[in-house]
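I have placed the structure first, in the form of structure tokens, so that the comments after it can refer back to it.
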Amino acid sequence: MAPSSSSMPREAPATPQAACPPYEEVISCRGIDIPFVPSIITPKIERPMRKGRYESGECALLEDILREDDRVLDLGAGVGLASAIAARTASAGHVTAVEANPGLIGLIGETWALNGVTNATLLNAVVSGGKRKSKAKFYLRRDFWASSMEPDSRPYEDVAEVGTIPITRLMKEARPTVICCDIEGGELGLFDEVDLSGVRQVVMELHPKVYGEEGAARVRAALEKAGLKAVPQKKPSSVVVFAREGAEAWALAPSATPPSPPHRPARPALRRAATEPWPPRNPRILLATCMKDEGPFILEWLAWHKAIGVTDVVVYTNDCSDGTDRILDRLQEMGELTHLPNPALATGATNFQPVALAYTEHLRAFREADFFISSDVDEFFNIRVGEGRFADLFAAVDRFDVMSVSEINHGCNRREHFEPGWVTEQFPGHASEMPGRRRAHVGVKSIVRLSPAVRKIRNHRPDLDPDWPDPVWLDGSGRPIRDFLEDPEKNGCDCRGRYGLVSLEHFALRSLDSYLIKMFRGDVVVKGKRVGQRYWRQRNWNAETTSDLSRGIRLARDYHRRFEEDHELMALHRAACDAHLARAEALMELPEFRERRAWALREAWR
């Protein structure tokens, strides 16, 4: 995404949309999605990042300290984690992030894009104090976090010449109320003669290994001179908070009792949801999804979910070529859903799904909903109790915060060519509901009760407020599950025994034709990523037919009749099917797709 141009020092314009190196995986750390680029995120930080421990002290302090309207100056942006957290927490303020390493600029921009960050400015520069120089040497090391302005503390691999920004000018333009500083020793002398009167707090990592204890004392003295005193720490740490007298420095003060966090007020609508009776009466259930060229499959999927109790549907689209957007426009005219262009189109972001989910939290439908679901058009919630509606599911369990539903992958069922029809009827064969241990871990999608416990919605599971007392997280059998509470990175679990009340029927492949079209279309999370052979092998399971879809099909057929009565809508549906057939035929002109078809046909039709 292109960095914002507001609140930007005139000395150094924002770096114009530097490209992120290729990546195929996203790591979620403290609720922030970060592109996993192995050449940058080396094993030493990959492990703590996957466990949510990377920069945990600094990030936790920011979450505690920041107010909604703060202006944050982040010196040493790294991979963009701290600045993304700051932008999320100070949602009505602004973040100015400065990173000297030119090799990190694209990755930071992609991190921001993944998380829908729009209230931030990114600068590729060295912050200078004292006598100004137009350029400075920056010493690059294999571990990006060890790169710095000094060459002597450890070996370096390369040297970059980077433009400089005087700290005085940066302070004048960014006008920060909070400073976050981790610049590997560059803090020594930086704040000696700087006006910090507008700064409430500073979160700083000191580096006595670079400049000794005398240097650390000099940094402390400079900040004390500016009226910012070190807050007593519960345990020794290199990360220190300096606070102006009267500021909320309670996060580290051992004798203080923290007030309710002012930066995360409960939404009025969410307070109402928390007091609703159980089982809920006529709950509003919002489902959000992204689509691109899914025309032949929309009506069945929509009829299914509206019939089982979804009240509001929001669909984001981009770059459709098969009439998907026209079908959705007609459905919006009929009052069946809301169709919006993906907000990523306006920002230049390349990760459509995360941006859309971040935007969803600002919609009126979200504020007024009781439950939220993120689901794709190839996924069907199959409720196995009562008549097959969400009301039956809620009546079968006690009040919960989250229910994570395990997927069942349906294979191609030996169907090579696309034929118009219902996928729930064409592809009954699926993976075993009781697989062996090696194949037992599957993905989930979650039904999220929108109470004050919810901090952020995500595609597979939400992030809950860690201070929320006794959260209730259930599996698809209505049993408590700790996996997702204990590991914020988890997007799946062992599926064995978890299908008692509800399953997520996943028709990821459909026919071989449709699989090749999905490969051509690309991924909604990572631009340029295509489904591969592994995707086919992991999902092409056809031997079992134990999952009964008859409840949902019966309800969906009844609901679908209203679509059939609209001649304009059905004409658009038929045109989308024709476009799907034409695309499948056209792909056979391309060698890559001919080879993939031949490969799939050689595979055992399990």
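Tell me, which residue of the stretch 435-464 that is out of contact with any strand residue (DSSP E or B) (no Cβ under 9 Å at 6 or more places or on another chain) and either in contact (Cβ under 8 Å) with a residue 60 or more places away in the chain or part of a helix (DSSP H, G or I) (or both) is surrounded by the most Cβ atoms within 10 Å (Cβ to Cβ)? Working first, answer last.
Restricting attention to the stretch 435-464, the residues satisfying the condition of being out of contact with any strand residue (DSSP E or B) (no Cβ under 9 Å at 6 or more places or on another chain) are 436, 438-439, 451-452.
If we keep only those that are either in contact (Cβ under 8 Å) with a residue 60 or more places away in the chain or part of a helix (DSSP H, G or I) (or both) as well, we get 438-439, 451-452.
Numbers: R438: 6, R439: 13, S451: 24, P452: 17.
Only one residue fits best here, namely S451.
Being touching a residue at least 24 places away in the same chain (Cβ under 8 Å), on the phi > 0 side of the Ramachandran plot and not aliphatic (A, V, I, L, M) narrows it down to one residue among R399, R414, R389, R384; which is it?
Values: R399 fails: on the phi > 0 side of the Ramachandran plot; R389 fails: on the phi > 0 side of the Ramachandran plot; R384 fails: on the phi > 0 side of the Ramachandran plot.
Just one listed residue meets the conditions, R414.
Can you find, within the stretch 467-495, the residue that is farthest from the chain's Cα centre (by Cα) among those that are in a loop (DSSP other than H, G, I, E, B) and under 21 Å from M49 (Cβ atoms)? Show your work before the answer.
Step one: list which residues in the stretch 467-495 are in a loop (DSSP other than H, G, I, E, B), which gives 467-472, 475-479, 481-482, 487-491, 495.
If we keep only those that are under 21 Å from M49 (Cβ atoms) too, we end up with 487-491.
Details: D487: 16, P488: 12, E489: 11, K490: 13, N491: 12 Å.
The extreme case among them is D487.
Can you say whether F507 is within 14 Å of I408 (Cα to Cα), crowded, with 19+ Cβ neighbours inside 10 Å and of a type in the set (F, W, Y), as far as the supplied structure shows?
Working: within 14 Å of I408 (Cα to Cα): yes; crowded, with 19+ Cβ neighbours inside 10 Å: yes; of a type in the set (F, W, Y): yes.
The answer is yes for F507.
I need a count of the residues in the stretch 371-420 that are touching a Cys at 6+ places or on another chain (Cβ under 6 Å) and surrounded by 18 or more Cβ atoms within 10 Å (Cβ to Cβ). Reasoning before the result, please.
Step one: list which residues in the stretch 371-420 are touching a Cys at 6+ places or on another chain (Cβ under 6 Å), which gives 406, 420.
This time we only want the ones that are surrounded by 18 or more Cβ atoms within 10 Å (Cβ to Cβ), so: 406.
The total comes to 1.
Taking only the stretch 55-77 into account, find how many residues are surrounded by fewer than 24 Cβ atoms within 10 Å (Cβ to Cβ), among the small types (G, A, S) and within 21 Å of the chain's Cα centre (by Cα).
Number of matching residues: 2.
For G421, only one of the following conditions fails: (1) part of a helix (DSSP H, G or I); (2) at pLDDT 95 or above; (3) not basic (K, R). What is its number?
Of everything listed in (1) part of a helix (DSSP H, G or I); (2) at pLDDT 95 or above; (3) not basic (K, R), G421 misses just condition (1).
Go through (1) within 17 Å of D182 (Cα to Cα); (2) crowded, with 24+ Cβ neighbours inside 10 Å; (3) not charged (D, E, K, R) and name the single condition N115 misses.
For N115, the failing item is (1).
Go over the candidates D483, D475, D494, D513 one by one and state the one that is in contact with a helix residue (DSSP H, G or I) (Cβ under 6 Å, 6 or more places away or on another chain), closer than 26 Å to H410 by Cβ and either buried (at least 21 other Cβ atoms within 10 Å of the Cβ) or in the same structural domain as E585 (by TED's automatic domain parsing) (or both).
Numbers: D483 fails: in contact with a helix residue (DSSP H, G or I) (Cβ under 6 Å, 6 or more places away or on another chain); D475 fails: in contact with a helix residue (DSSP H, G or I) (Cβ under 6 Å, 6 or more places away or on another chain); D494 fails: in contact with a helix residue (DSSP H, G or I) (Cβ under 6 Å, 6 or more places away or on another chain).
Among D483, D475, D494, D513, only D513 is in contact with a helix residue (DSSP H, G or I) (Cβ under 6 Å, 6 or more places away or on another chain), closer than 26 Å to H410 by Cβ and either buried (at least 21 other Cβ atoms within 10 Å of the Cβ) or in the same structural domain as E585 (by TED's automatic domain parsing) (or both).
Give the residues of the stretch 317-326 that are closer than 16 Å to D378 by Cβ and in contact (Cβ under 8 Å) with a residue 40 or more places away in the chain, sorted by residue number.
Within the stretch 317-326, D322, T324 qualify.
Which numbered condition trips up K137, out of (1) closer than 24 Å to L61 by Cβ; (2) over 15 Å from the mean Cα position of the chain (by Cα); (3) not in a helix (DSSP H, G or I)?
Unmet condition: (1).
Quick one: what pairs do we get from the stretch 588-603, first residue within 12 Å of F520 (Cβ to Cβ), second part of a helix (DSSP H, G or I) and not basic (K, R), C-beta under 6 Å, 6+ apart or different chains?
F593/L516; F593/L587
Mind checking which residues of the stretch 374-392 are under 17 Å from L555 (Cβ atoms) and not in a loop (DSSP other than H, G, I, E, B)? Even if it seems obvious, please write down each step before you answer.
Within the stretch 374-392, the subset under 17 Å from L555 (Cβ atoms) is 375, 379-392.
Hits for the stretch 374-392 are E379, F380, F381, N382, I383, F390, A391, D392.
Select, from L287, L331, the only residue that is in a helix (DSSP H, G or I), in contact with a helix residue (DSSP H, G or I) (Cβ under 8 Å, 6 or more places away or on another chain) and modelled with pLDDT of 95 or more. Outline the logic, then answer.
Values: L287 fails: in a helix (DSSP H, G or I).
After ruling out the rest, the residue left standing is L331.
Within the stretch 292-300, is even one residue in a loop (DSSP other than H, G, I, E, B), of a type in the set (D, E, K, R) and within 21 Å of the chain's Cα centre (by Cα)? Before you say what the answer is, go through the steps one by one.
Taking the stretch 292-300 first, the residues in a loop (DSSP other than H, G, I, E, B) are 292-294.
Filter again for of a type in the set (D, E, K, R), leaving 292-294.
Keeping just the survivors that are within 21 Å of the chain's Cα centre (by Cα) gives 292.
The answer is yes, given that some residue of the stretch 292-300 is in a loop (DSSP other than H, G, I, E, B), of a type in the set (D, E, K, R) and within 21 Å of the chain's Cα centre (by Cα).
Can you name the residue in the stretch 562-573 that is surrounded by fewer than 18 Cβ atoms within 10 Å (Cβ to Cβ) and touching a helix residue (DSSP H, G or I) at 6+ places or on another chain (Cβ under 9 Å) and, of all such residues, is farthest from R389 (Cα to Cα)?
If we filter the stretch 562-573 for residues that are surrounded by fewer than 18 Cβ atoms within 10 Å (Cβ to Cβ), which is where we start, we get 562, 564-568, 570-571.
Those still in the list that are touching a helix residue (DSSP H, G or I) at 6+ places or on another chain (Cβ under 9 Å) too: 562, 564, 566, 568, 570.
Values: R562: 19, E564: 22, D566: 25, E568: 29, M570: 26 Å.
Among those residues, the one meeting the criterion is E568.
What's the total number of residues in the stretch 556-587 that are of a type in the set (G, A, S) and in contact (Cβ under 8 Å) with a residue 40 or more places away in the chain?
Going through the stretch 556-587, the residues of a type in the set (G, A, S) turn out to be 556, 571, 575-576, 579, 582, 584, 586.
Okay, now just the ones that are also in contact (Cβ under 8 Å) with a residue 40 or more places away in the chain, so 556, 575-576, 579, 584.
Matching residues across the stretch 556-587 total 5.
Does the stretch 169-178 contain any residue that is touching a helix residue (DSSP H, G or I) at 6+ places or on another chain (Cβ under 7 Å), assigned by TED's automatic domain parsing to the domain that holds I105 and either within 24 Å of G80 (Cα to Cα) or polar (S, T, N, Q) (or both)? Break it down stepwise before answering.
In the first step, residues of the stretch 169-178 are kept if they are touching a helix residue (DSSP H, G or I) at 6+ places or on another chain (Cβ under 7 Å); the result is 178.
Narrowing further to those that are assigned by TED's automatic domain parsing to the domain that holds I105: 178.
With either within 24 Å of G80 (Cα to Cα) or polar (S, T, N, Q) (or both) added as a condition, the list becomes 178.
Yes, that holds for at least one residue.
For the structure I just gave you, tell me whether R597 is surrounded by 13 or more Cβ atoms within 10 Å (Cβ to Cβ), in contact with a Leu (Cβ under 8 Å, 6 or more places away or on another chain) and under 25 Å from E505 (Cβ atoms).
Numbers: surrounded by 13 or more Cβ atoms within 10 Å (Cβ to Cβ): yes; in contact with a Leu (Cβ under 8 Å, 6 or more places away or on another chain): yes; under 25 Å from E505 (Cβ atoms): no.
So R597 fails the test.
With at negative phi, without any contact (Cβ under 8 Å) to a residue 60 or more places away in the chain and either crowded, with 24+ Cβ neighbours inside 10 Å or β-branched (V, I, T) (or both) as the only criterion, which of A97, A82 stands out? Step through it out loud before you land on a result.
Values: A82 fails: without any contact (Cβ under 8 Å) to a residue 60 or more places away in the chain.
Criteria check complete, one pass: A97.
The values are calculated or read from the model by the stated rules, or taken from the named source; none is laboratory data. Quantities reported herein were computed from a predicted structural model and do not represent experimental measurements. FYI the Cβ positions are ideal-geometry reconstructions off the backbone, even for glycines, and counts take in every protein chain you see.
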